Protein chains: 2
Amino acid sequence: MRISEEHLVRALGDWQRPGVPLVGSLDGALREAVLDGRLRVGGALPAERRIAAGLGISRGTVVAALARLRDAGWVHTRHGSASTVRLPPQEAEPIAPLSASGHAGSIDLRKAVPAAPRAGYLDAVARAVALAGPALAQDGYPGAGLPDLRAAVADRYTRQGLATRPEQILVTSGARAALALLAAHLRPRVAAVENPTYPRAIAVLREAGARLAGIRVETAGWDPEQLVAAFAAARGGLAYLVPDFQNPTGALMDARTRQAVAVAAAEHRVTVVADETMRDLHLAPEPSWPRRIRRAVLIGSAGKSVWGGLRVGWIRSPETALIDALRLHPLYEPLSAPPLEQLVAVELLADLEPLLQRRRTELRVQRDHLAGLLAAANGPRGAHGPRAGSRAAGPESDGGLWRFTAPDGGLVLWLRLTGTRADVAVARARAAGIELAPGPRYAVDGTLAHYLRVPFTPPPAALDRIAATLATACRP
Amino acid sequence: MRISEEHLVRALGDWQRPGVPLVGSLDGALREAVLDGRLRVGGALPAERRIAAGLGISRGTVVAALARLRDAGWVHTRHGSASTVRLPPQEAEPIAPLSASGHAGSIDLRKAVPAAPRAGYLDAVARAVALAGPALAQDGYPGAGLPDLRAAVADRYTRQGLATRPEQILVTSGARAALALLAAHLRPRVAAVENPTYPRAIAVLREAGARLAGIRVETAGWDPEQLVAAFAAARGGLAYLVPDFQNPTGALMDARTRQAVAVAAAEHRVTVVADETMRDLHLAPEPSWPRRIRRAVLIGSAGKSVWGGLRVGWIRSPETALIDALRLHPLYEPLSAPPLEQLVAVELLADLEPLLQRRRTELRVQRDHLAGLLAAANGPRGAHGPRAGSRAAGPESDGGLWRFTAPDGGLVLWLRLTGTRADVAVARARAAGIELAPGPRYAVDGTLAHYLRVPFTPPPAALDRIAATLATACRP
């Protein structure tokens, strides 16, 4: 499609940057317009002289800016044809979504989620579309999920050592949809949850009418007494747990705690819902896994490891009777996944490991980069160099601005601020263009005023800016 | 991809049909395996001699069956290459989903929904994928909806005479998701609904904790006294109405009733939720529309007019404050639409009219065909020929097996059986391989035992079989 002269002028808006030469201003403004979606990738630009006329600058300036953009891969020109807009590969594959990348000036770290792995994702979509014929001839509601997807998900569990049949899998539009469906079906009077935990899970459980009983978690692990008390309070109801790289603490539940959960669940007839969305994001070089919690209902998705925009998640139940009941629930179809997204998920699952390997490598670098900067900001006393990746590696940083232990997986660092409250730090960071979520958002009881969650999803350059801003924002 | 010999044998299963020659059996079995998705379109078949060996038949039989399949467009062979599986165009575009087409032997009419318009849908997907770059660089949760989609939906209302801004639109994963979200947010103690109405709407409202107050609707219209009484009972709550080709009666709400609804809603502070999913399926040659109900919250989707597998719907609210509140509801993100589906919806909406025109033409033919058959089955007394399409055209059929008035829109006929109960008729039809939903499924109070909903989505050949089966099943 052609980009009209008027559309280009509108998309570039107020493009001239004070103190920046025209060529550089135009180069930068066009990149941002593409990244923001104001200029469509694949669109054909007007001729150089028309761009010049539209922007009221010389043709030479336009030629020079386009040459720069061409060199950097933002514009492609075939001999004798119009120049078309491109997204350069290096811009197309960062883990951070644009909102968290710093490209737009501000950095939004309130969600710790990745952007899509562009090339691999588009390949999977293309393969899915080629196979979509039979799905398009159906009514669009593939029951508990497309057979190929249920089989692929079941197969993945089986390969991980948890024998699973497709009938044990229910496909949903994501892990949160899975939790919402389970909560609507089980209608727990009280739900046991970690404290802190994923705020949207708190909201979903409260919306379903549940009172929450918290179990204190720190990076080092779960509080065993609160665990037993919360399961007793949730008797006959539900427990929502994130055993693998718990959000936001990054804690990995050890075998003994998993066993204690299974015992407490059996004693108090509590359905354990284990959210495994972070499980694929283990960052240790040779991860070793404690066994899964016995008889837990598992929920998963590719939302954190691949992309939240793929709205496909699932429930794995030890009993097929639960799957059958959920499938008949009035909310199931609205919370189920579209056939095309399911086909994309089948294609992604068929070749997920290489993609995950790349992401893990990048996340490891980013985690260590951020952890190194934050440790260094604490001053020589609490120096905490980039860690090797083993779980027991570093001692907690000591003194200075914060304490933390870099986790062995997940997407975030969980800082305990030693000099200021998190809400104060968040307000200061906001003034510097960085949005963060303070600890109380993750608390079930309004506590955790001195905690701050900091995702390491952004690229190193953005992490530099984030660490510098935090060092100022978290001063006493 | 190659289809292995073992996979082919498994996909064909018990393929020999008693009394049918081997060539015809193999031809038919392979078509069904493709239509059911057991054999992938685009897959390469094994060599003829290997097929023959695998199935234990002569190579000549395989060659003859493949020649038939090739002639009918089910198999494509390039000189010197393997034969690949195809879906012939004429099979790819029926309105009926496969489950309702009669291809598989049985006909499932419990859902009145269309299959996707294959070619147009795949075109829209291809255009959407080409534009997906910026969306993939985001976090996958486009707030209240992609700006382009909110603008396209708003623009469509504006062109219909209802001035609408994008801020008044909230994108959901379908009309039912929209209702579930509204019910969860408004939490009505009592909801006023039509009786009969869409059973899944009944389930969603009950799930949200609402007691239901019914308003009797027949093909001729809404009961004005029950309307007022139901709104009084629902005071401060919600009314769920389908003013345009009400499901299942097909009734179109007249201007006077719409006015009465607006007055009762204002008096009793009831939020009217008008489900407009059937609105695009008007089948009159020159449809004239009563104005929309004043201050109603409108919900829509392309699920009935295009395809239910496109999980995109929306809410239009007169007040942006409601949109803002819904957007923050814990269930909103799980009930929102994936970015790729939203991009597909933008592309479909940009060129919807030609697609709708073709569907309406086909549905008109099918409605008249079924109505003609059912009128004829009533015998000469109640003869009721194919109707011209005007709303007041035919009198109700009289005597015989059933009475009905063919509606001016929608997807179904609503029969009042004069000789037998619907549950009896449904059981008899099931024995003949046709699944139908009896009236009480649509009732809020267990009544309507003599009503039967019959979709006219299937192609004429299947309608012939349906009418013949009903003529037997509905005998006293």
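The values are calculated or read from the model by the stated rules, or taken from the named source; none is laboratory data. These figures come from a predicted structure and were not determined experimentally. Cβ: placed from backbone, ideal geometry, glycine included. Neighbour counts: every protein chain shown. Each accessible area value is taken on the protein alone, full model and side chains, heavy atoms only, with ligands, DNA and RNA left out. Shrake-Rupley method; radii C 1.70, N 1.55, O 1.52, S 1.80 Å.
Here's the yes/no breakdown for (1) in contact with a Lys or Arg (Cβ under 6 Å, 6 or more places away or on another chain); (2) in contact (Cβ under 8 Å) with a residue 40 or more places away in the chain:
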{"site": "A:Asp244", "(1), (2)": "yes, yes"}
{"site": "A:Gly250", "(1), (2)": "no, yes"}
{"site": "A:Asp254", "(1), (2)": "no, no"}
{"site": "A:Val263", "(1), (2)": "no, no"}
{"site": "A:Glu267", "(1), (2)": "no, no"}
{"site": "A:Thr277", "(1), (2)": "yes, yes"}
{"site": "A:His282", "(1), (2)": "no, yes"}
{"site": "A:Pro287", "(1), (2)": "no, yes"}
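B:Tyr198 falls short on exactly one of the conditions (1) within 14 Å of chain A (Cβ to nearest Cβ); (2) open to solvent by 20 Å² or more (accessible area, probe 1.4 Å); (3) over 18 Å from B:Ala302 (Cα atoms); (4) out of contact with any helix residue (DSSP H, G or I) (no Cβ under 6 Å at 6 or more places or on another chain), and that condition is (3). In the range A:18-38, the residue that is most open to solvent (accessible area, probe 1.4 Å) out of those that are assigned to a loop (DSSP other than H, G, I, E, B) and closer than 17 Å to A:Ser58 by Cα is A:Pro21. Listed conditions (1) at pLDDT below 95; (2) of a type outside the set (Lys, Arg); (3) open to solvent by 20 Å² or more (accessible area, probe 1.4 Å) are all met by A:Gly140, apart from (3).
Any residue in the range B:60-81 that is part of a strand (DSSP E or B) and open to solvent by 10 Å² or more (accessible area, probe 1.4 Å)? Talk me through it step by step, then tell me what you get.
Let us first name the residues in the range B:60-81 that are part of a strand (DSSP E or B), namely B:75-77.
Restricting the remaining residues to those that are open to solvent by 10 Å² or more (accessible area, probe 1.4 Å) gives B:76-77.
Yes, some residue in the range B:60-81 is part of a strand (DSSP E or B) and open to solvent by 10 Å² or more (accessible area, probe 1.4 Å).
Filtering B:Thr172, B:Thr158, B:Thr164 for residues that are open to solvent by less than 10 Å² (accessible area, probe 1.4 Å) and polar (S, T, N, Q) leaves a single hit, B:Thr172.
State yes or no: is B:Ser390 open to solvent by less than 10 Å² (accessible area, probe 1.4 Å), in a loop (DSSP other than H, G, I, E, B) and either of a type in the set (Ser, Thr, Tyr) or at pLDDT 95 or above (or both)?
Numbers: open to solvent by less than 10 Å² (accessible area, probe 1.4 Å): no; in a loop (DSSP other than H, G, I, E, B): yes; either of a type in the set (Ser, Thr, Tyr) or at pLDDT 95 or above (or both): yes.
When the stated conditions are applied, B:Ser390 does not pass them.
Going through (1) basic (Lys, Arg); (2) within 29 Å of A:Ala350 (Cβ to Cβ); (3) not in a helix (DSSP H, G or I) one by one, A:Arg150 falls short only on (3). Scanning the range A:101-121 for any residue that is facing chain B (nearest Cβ under 8 Å), modelled with pLDDT of 90 or more and in a helix (DSSP H, G or I) turns up at least one such residue. Exactly one residue among B:Leu335, B:Leu343 is hydrophobic (A, V, I, L, M, F, W, C), part of a loop (DSSP other than H, G, I, E, B) and touching a Leu at 6+ places or on another chain (Cβ under 7 Å), and that residue is B:Leu335. Applying the criterion of being in contact (Cβ under 8 Å) with a residue 40 or more places away in the chain and over 27 Å from B:Ala137 (Cβ atoms) to the residues of the range A:39-59, the residue that is most open to solvent (accessible area, probe 1.4 Å) is A:Arg50. Applying a threshold of 7 Å to beta carbon distances and a minimum spacing of six or more residues, or different chains, the list of pairs starting in the range B:130-153 at a residue that is assigned by TED's automatic domain parsing to the domain that holds B:Ala337 and ending at one that is among the polar types (S, T, N, Q) and open to solvent by 30 Å² or more (accessible area, probe 1.4 Å) reads B:Gln138/A:Ser99; B:Asp139/A:Ser99.
Residues of the range A:296-314 being within 13 Å of chain B (Cβ to nearest Cβ) and of a type outside the set (Lys, Arg), which ones? Within the range A:296-314, A:Ile299, A:Ser301, A:Ala302, A:Gly303, A:Ser305, A:Val306, A:Trp307, A:Gly308, A:Gly309, A:Leu310, A:Val312, A:Gly313 qualify. Just checking, does the range B:92-100 include any residue being at pLDDT 85 or above and within 7 Å of chain A (Cβ to nearest Cβ)? Checked the range B:92-100: no residue is at pLDDT 85 or above and within 7 Å of chain A (Cβ to nearest Cβ). Listed by first and then second residue, the pairs with beta-carbon distance under 6 Å, at least 6 apart or on different chains, first residue in the range B:225-238 and surrounded by fewer than 22 Cβ atoms within 10 Å (Cβ to Cβ), second among the basic types (Lys, Arg) and part of a loop (DSSP other than H, G, I, E, B), are B:Gly236/B:Arg269. Of the residues making up the range B:203-224, those that are surrounded by 24 or more Cβ atoms within 10 Å (Cβ to Cβ) and within 14 Å of chain A (Cβ to nearest Cβ) are B:Val204, B:Leu205.
In a residue-by-residue description of the range B:160-183, the property of being within 14 Å of chain A (Cβ to nearest Cβ) and β-branched (Val, Ile, Thr) applies to at least one position. Across the range B:320-348, the qualifying residues are those that are facing chain A (nearest Cβ under 8 Å) and farther than 29 Å from B:Gly133 by Cβ, and the one among them that is surrounded by the most Cβ atoms within 10 Å (Cβ to Cβ) is B:Leu331. Selection of the range B:176-230 for residues being under 27 Å from B:Thr405 (Cβ atoms), out of contact with any Phe, Trp or Tyr (no Cβ under 7 Å at 6 or more places or on another chain) and of a type in the set (A, V, I, L, M, F, W, C) yields B:Ile202, B:Leu212, B:Ala213, B:Val217, B:Ala220, B:Trp222, B:Leu227, B:Val228, B:Ala229, B:Ala230. Filtered by the rule that a residue be farther than 18 Å from B:Arg38 by Cβ, small (Gly, Ala, Ser) and under 36 Å from the mean Cα position of the chain (by Cα), the range B:73-88 gives a lone residue, B:Gly73.
Conditions tested, residue by residue: (1) open to solvent by 40 Å² or more (accessible area, probe 1.4 Å); (2) at negative phi; (3) among the basic types (Lys, Arg).
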| position | (1), (2), (3) |
| --- | --- |
| A:Ser83 | no, yes, no |
| A:Leu87 | no, yes, no |
| A:Ser101 | no, yes, no |
| A:Lys111 | yes, yes, yes |
| A:Ala115 | no, yes, no |
| A:Ala124 | no, yes, no |
| A:Ala130 | yes, yes, no |
| A:Ala135 | no, yes, no |
